[in-house]
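Every number here is computed from the coordinates shown, using simple stated rules; none is lab data. Given the structure is predicted, the values throughout are model-derived calculations rather than measurements. Note that we place each Cβ from the backbone using ideal geometry, even for glycine, and neighbour counts take in every protein chain shown.
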Amino acid sequence: MRRYGLIGKVLGHSFSARYFAQKFEREGLSSVCHYGLYELPEIGDVVRFVQETEGLVGFNVTIPYKQQIIPYLDSLSAEAANIGAVNCVKIMPDGTLKGYNTDVDGVRFTLDRLVGSADVGGALVLGSGGASQAVKYVLEERGIPYMIVSREQSKGDITYDQLMREVMADNRLIINASPVGMYPHVDDAPAIPYNLLSSSHYLFDLVYNPERTKFMELGSEIGAHAVSGLDMLYTQAESAWKIWNE
Ligand SMILES: NC(=O)c1ccc[n+]([C@@H]2O[C@H](COP(=O)([O-])OP(=O)(O)OC[C@H]3O[C@@H](n4cnc5c(N)ncnc54)[C@H](OP(=O)(O)O)[C@@H]3O)[C@@H](O)[C@H]2O)c1
């Protein structure tokens, strides 16, 4: 059996486990491939997990271990090293562990679909946590100037109450990289001035549950283009699959 899986502290219902079970079923791989959920109380437990999981090919990493896993890896892809976070690990042919960041592939794919070659001026990235690092990486790669919007002045470039008319008009790509609006808090939306949006604004919500968030809804009402994090989620999973099998 070729084994894959997800490590994290508390996993509950995982998108990845469902996604890969369905994929293996569809592609006739269920008898040879398995994707498991592995809750590790401490990141140090990853050593035993790797040693004792027979047939392990690779695994995904989620909260709170995306940064903590790095000292346990032998090498990193250039992107993972640059971002400082790993969400995919591959057991290399010589038994060493290599870390990758496939969230960036999801961000790239979604921005291609949402924005294409439109001129957005600049971007506002809401939230200064792990996910916003992957977003920043792709914006820099594309030469799109951005500001990090944070609840605290010291953690970002601007705070929510500083989002005035000119800032909103100049930065027409707005990316929610905060958990605001995520199930079960589906009636919450990031505290931006929605009345200053227009049909030339593009909203990308990294939140994927619910599929249509309040942030998207408020933007769409004014005619802004809006997408959820679902495509990003599928893309990062498929990128991991490619890495494990190449
Ligand atoms: N679609 C995908 O494939 C994908 C991949 C990765 C992550 N995500 C989603 O992206 C979101 C962020 O992930 P993350 O790991 O970066 O989460 P996180 O570290 O928990 O939070 C990110 C940032 O959001 C801001 N924030 C947190 N709670 C907030 C609140 N109540 N109100 C306003 N701002 C708040 C904080 O920034 P400040 O303190 O600076 O305000 C925090 O650093 C999650 O919903 C996650 O599910 C989706």
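Assorted remarks:
- Backbone amide hydrogens, once placed in the peptide plane, bring Y146 within less than 5 Å of A123, excluding anything fewer than 5 places away on its chain.
- With both labels modelled 7 Å from their Cα along Cα-to-Cβ, the S200 to S220 distance reads 2.4 nm.
- Acute angle (nearest 10 degrees) that the helix 130-141 long axis makes with the longest principal axis of the chain, alpha-carbon atoms: 70 degrees
- GNM result for the chain, Cα springs below 10 Å: residue of G129, G95, G36 fluctuating most strongly: G95
- Computed FRET value (nearest 0.05) for D170 with R113, which takes r as the C-beta separation and R₀ as 22 Å: 0.45
- Label-point separation, Y234 to N82 (7 Å along Cα→Cβ), nm: 2.6 nm
- When segment 1-151 is described by a simple charge dipole with +1 on each Lys and Arg Cβ and -1 on each Asp and Glu Cβ, the residue from H13, Y72, Y38 located farthest towards its positive end is H13.
- Ratio of the Cα radius of gyration of the chain to 2.2 N^0.38 Å, where N counts its residues: 1.06
- Ranked by the mean number of other Cβ atoms within 10 Å of their residues, highest first, the peptides 222-235, 185-198 come out as 222-235, 185-198.
- Crossing angle, helix 15-26 versus the chain [Cα axis fit, 0-90 degrees, rounded to tens]: 60 degrees
- Think of each Lys and Arg Cβ as +1 and each Asp and Glu Cβ as -1; about the Cα centre, that makes the dipole of the chain roughly 260 debye.
- Note on E141 and I63: the model spin-label points, each 7 Å out from Cα along the C-beta direction, lie 2.4 nm apart.
- Distance histogram in 5 Å bins (all Cα pairs of segment 104-232, percent per bin): 2, 12, 23, 27, 23, 11, 2, 0
- Alpha carbon centroid spacing (whole Å) that separates segment 159-231 from segment 60-98: 31 Å
- Between helix 103-115 and the chain: long-axis angle, C-alpha atoms, 0 to 90°, nearest 10: 40 degrees
- Residue pairs exceeding 27 angstrom between C-alpha atoms, taken from K23/K214; K136/K214; K9/K98; K98/K214; K23/K66; K90/K155: K23/K214; K98/K214; K90/K155.
- Spin-label proximity, T53 to segment 79-108 - amide N less than 19 Å from point 7 Å beyond Cα toward beta carbon: 85-103
- For segment 231-246, backbone phi angles converted through the Karplus equation (6.51, -1.76, 1.60; θ = phi - 60°) give residue-by-residue couplings of 4, 4, 5, 5, 5, 5, 5, 5, 5, 4, 4, 5, 4, 5, 9, 8 Hz, Gly and Pro being listed as x.
- Farthest towards the positive end of the charge dipole of segment 139-238, among the residues Y183, S154, L230, is the Cα of S154, using unit charges on the Cβ of Lys, Arg, Asp and Glu.
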